[in-house]
Amino acid sequence: MTLPSAFLDELRTRTPMPSLIGRYVQLTRNGRQWKGCCPFHNEKTPSFYVYDDHYHCFGCGAHGDAIGFVMQREKLDFTPAVVKLAREAGMTLPGASDAAPPTGASPSPAIENRSEFSAPQVDALLATAARLLIRDAKISAVSVLANTSGRLTLEHHDNWDGGQDTWLLTLFVPADVYLEMPQREAIEKDIGHALSTAVASLSDSDFFIAKIVTALEEDSEWRAKVMHHLSGAGITNQGRVRSDNIAARQFEGLLFRSAPEIEFYRALKRAGVPFAPLSVVLKGGVQYRRVEPDFILFKDGQIMIVEIDGDLYHNEKPAAAHTRLKFLLDEGAKLERITADECDTPEKAREAVERVLHTIEKHRRAR
């Protein structure tokens, strides 16, 4: 596709280099130009300079204008880069509306009458793009592609050089997931690049841009849920540390990892001993530590840590648990280990608590 040089010159004029590159690089004024660390290679001392009409890195040799920067930084071909910058500059590509097609060429059909990709073609494009993303180890991008609903629409069409289309794939994700995606722009670029590569077997004049947006989700009870959240209900500092062993069970407003833990909790309550279930324990300073013992008991001046072992949710090796809790043991806390099958019924849990309390009494007498 050929675009008039006058159009491209105007686009470059309307795209200030410091503003464009400043989105990606922290720039500081250096005389009449700007400088920063190069976005195209790792460096600690800035060697990347931005001028009014171009950029240049004295470290890796990267060089170009606004269009070249978008192509290199966002991995776009020439035309999609121009389309992106033109949209941001409020410019319409020649041929998009009022420009006539070249002499002798048949006018392209209007956008609304243009044939779109068929459903099987769209599915094949997505599947091929997913394989490309997996090959390039773009796991976040392929996960978004596979786990979201999407809509494919024609974003732009021009008549130059036989016609060229830019398609927009809009991916809808839940709001809470959207807010946990700090690399959204990078994911969008990866998906767009993969789709543009995948479509080459169908057309050499189609390009793709991906956009991740929040999905609108109806919820007739949203006001009640907001008030519930604002009141502080349901907020806890339990079960948030070891993400590989999430505390998914709830009982009496507290979190637990297994049914035996809940039985042990109930037995401790009946025994009337002060204790903390699945609490977060921190140690600040240079050797920062943060752990979640299953239970911490306080009795007669003694501190006893109780760890429940032996089922699907408690498969940590004793040596690993001892290492994890060593900073508490060094402060005088004692450690008692109980297997899950020793407290998986109310009667067993009561007997386990009695044994633990007896052990605490032995430690008290030995002081």
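Worth a mention:
- Sequence-distant residues sharing a close amide H with Leu335 (under 5 Å, placed H): Ile305
- 5 angstrom amide H check on His54, placed H, neighbours 5+ away: none
- Entries of Lys138/Lys211; Lys334/Lys362; Lys269/Lys326; Lys299/Lys334; Lys84/Lys138 with Cα pairs more than 20 Å apart: Lys269/Lys326; Lys84/Lys138
- FRET efficiency, 1/(1 + (r/R0)^6) with R0 51 Å, evaluated for Gln250 and Ala366 via beta carbons: 0.85
- For Ala215, residues with placed amide H under 5 Å, excluding near neighbours: Val173, Ala175
Quick note: the coordinates plus some simple rules give every number you see, no bench work behind them. Since this is a predicted model, take the numbers as computed values, not measurements. With ideal geometry, Cβ positions are generated from the backbone for all residues, glycine too; neighbour counts draw on all protein chains shown.
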